[in-house]
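This report concerns only the one structure given below.
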Amino acid sequence: MACSSHYGNAIEEFCLAKFKLDMEVLDQRQWCSWEDTVESYGELTNCTFLVALKMNCFWPNQMVDEFFIRVHRHYFHDCSLSGRLLHDPPNRILGPFIVVPILVTLLMTALVVWRSKRSEGIV
Amino acid sequence: MGWQETLWLLTSFILSVTKAGTTETKSEPTADLSLTPVMMAVEGERLIMTQSQYKCLELLSRDGSHNKTGLFCSRFWDGLLCWDETPAGTFASQNCPDYPSFDPLEKVTKYCDESGNWVHSSSINKTWSHCLTFSKEKIKTLPVHGFLETETEMDPTAESQVSPVVTQKAEERKKIIDGQYKCFEKMNRDQPYNKSGLYCNRTWDGWLCWDDTPAGMYTSQYCPNYFPDFDSTEKVTKYCDETGNWFRHPETNRTWSNYTLCIAHTKDKLKMAYILYYMAIVGHALSIVSLLISLAIFFYFRSLSCQRITLHKNLFFSYVLNSACTIVNLITVVNNPKVVQRNPIGCKVLHFFHMYMLGCNYFWMLCEGIYLHTLIVVAVFAEEQHLHWYYLLGWGFPLVPASIHAVARKKYFDDNCWMSVETHLLYVVHGPIMAALLVNLFFLLNIVRVLVTKLRDTHRAESNMYMKAVRATLILVPLLGIQFVIFPWRPENRLAGEIYDYIMHILMHYQGLLVATIFCFFNGEVQGALKRQWMQYKAQWGQRRREHCSMRSTSYTATSITEVPAFMYHHDCNSEHLNGKQTEDSELVALKMGETYA
């Protein structure tokens, strides 16, 4: 039995309900919190994978893509993109962190050059 | 920066090879690359999906082969119960599941409406309220997960012993799920494809995210770092064919991305990474030994002391500490993934010191450059400068970028042992170092310019002059660390890249040895002092063997002879040390004479 379009229905019926229940337990504000949702999201992914195995579909496929896009549109549409793995701070914080030490370095160098020049004059 | 990537290659491969050694790797990637990428989920399926859900899934796979007349709702798993296919417009009911606090004698009903869709209740309360045997207030507090734990706890031993295999696989899965989430988010938010012509739709292939790609094109990105044997400096390619569909593997007829390069050269690269690792350790060890010998020489021979030698001593000392820190770091942290996993505070402190010593190294090089510049260009060959500012710049100032980096790292990118080099926060330390190197380069070029013009003024032959200038520059380059400014980019070609790695590693890790050799062992004055000392010992030893008065008197004259040159050399400390070779003194002495008379 090859992969059919039933797969799309199957994952909707089979996997999405559990995920819906899990998300309903959480407060809507927690939907964007990765620590709270990662387990359910992982289970949802697994479920789609196992259904694919059973229905002789390869995973992932276009229906999986569409399914997850719908899930994201419903549950995660206003979550910030970053915040999952370790990431750099935004540029407005990173910039000063980098530029200020460089400027201080140049200042210190100029100071040392100036002081050593001046000491020549004294001697 | 090229050397930074080299260091990352080194550390990542050392970490990966030890990980692969201690844990079992996942199923052979070569075979699996043509099959489903998410095979690792299979091993954990029993734990993740309950037996009831699995049974339901089994039944689902057997559905669909027989045709039913009329409309019906398909098989459905609602989280706790399996609902069979039901004709449209009817109720389906079954007993409550056999869970604690559930009454299995109660029934749950669901309605399949006329259009063939299940009517889903909007909350848990309605669905299971019949089943619960205790008060309704408790319904709200029960999480759905709690029900599932009763099944998964059937196998407690598997859960209690969290072996490294499980934790590593869990880490991998976490990264992949994370990637998947970010991918679908991106797919949602990105603009729809607005160029004309056929294209392949954006997709998630199980490991990486792919954008909309025009038909007939290859697209590529870097390999992910999910697995120990994946080289994240290699590329993954994906082909969008002319019909606007992603390339399908001919054997399995499924969309396929080419991950073969990620593991193709891994063994060779591992071998090379280990070679580079041992080279680094040997280089730093040799540097420490030679630098300590040089320091001993500088401290023992008081006659050698002058301001430039004092700066040399500080520079050598910072090199010694830098090498020691690097060796400790390489041996205890880089080669030791267990430590990284434990993430003790000590390894972060060690990293802080490493950053500080790195800064000290380069800032002392800058001090040497400033000193030379002041000496030669600003106030030619005058003797005394106040060294306090140099000490401040060399030892005190590097605390500033190192502390800022530590604070920023703790707050924004607090990974295990601060090992990761994938963060721009490293530029907090490397930025000032690069600035120092650039200023040094400027000073160097200025010094060379002055030397060349002064040499030209003495009317020497052209070739001689350029020879001297070139030799002087080449001797100064290792001192001032310019190689990091000139060679920051790694070539793409594999062979050229390997050669580049070897050269960069030799330059980086044997630098201490090089500096000690050129500025101590090849220094004419040092050689002279050592020779004199050796003659003294020989003479004294000879004196002990033969107790004749004549021998004693010759030894007295020998010592008095050795005293005079030392006194003479003291004045010419500055001019000699420019080239480090005694033979070139004549030019510079003439130059100096020329200066005073001009």
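Observations
- Set B:107/B:174; A:18/B:238; A:20/B:186 screened for pairs whose C-alpha atoms are more than 30 Å apart: B:107/B:174; A:18/B:238
- Relative compactness, chain A, computed as alpha-carbon Rg over 2.2 N^0.38 Å: 2.01
- Other-chain or far-sequence residues with amide H under 5 Å of residue B:76's (modelled H): B:83
- Per-residue ³J(HN,Hα) for the stretch B:261-268, Karplus 6.51 cos²θ - 1.76 cosθ + 1.60, θ = phi - 60°, Hz, x for Gly and Pro: 5, 5, 10, 4, 9, 4, 4, 5
- Sorted ascending by nearby beta carbons within 10 Å, beginning with the fewest, B:405, A:87, B:509 become A:87, B:509, B:405.
- Whole-Hz couplings from phi, Karplus 6.51/-1.76/1.60, listed for the stretch B:320-335; x for Gly and Pro: 4, 5, 4, 5, 4, 4, 5, 4, 4, 4, 4, 6, 8, 10, 5, 8
- Amide H partners (placed H, <5 Å) of residue B:244, local residues excluded: B:216
- Couplings 3J(HN,Hα) for the stretch B:429-441, derived from phi with the Karplus relation 6.51 cos²θ - 1.76 cosθ + 1.60 (θ = phi - 60°), are 8, 6, x, x, 5, 5, 4, 4, 5, 5, 4, 4, 4 Hz, where x marks Gly and Pro.
- Residues A:15, B:82 in ascending order of nearby Cβ atoms (within 10 Å, fewest first): B:82, A:15.
- Near the amide H of residue B:205, within less than 5 Å, lie the amide hydrogens of B:210, all on another chain or at least 5 residues away, with H placed in the peptide plane.
FYI, it's all coordinate maths here, none of it is from the lab. Given the structure is predicted, the values throughout are model-derived calculations rather than measurements. Cβ atoms come from the backbone with ideal geometry, glycine included; neighbour counts cover every protein chain shown.
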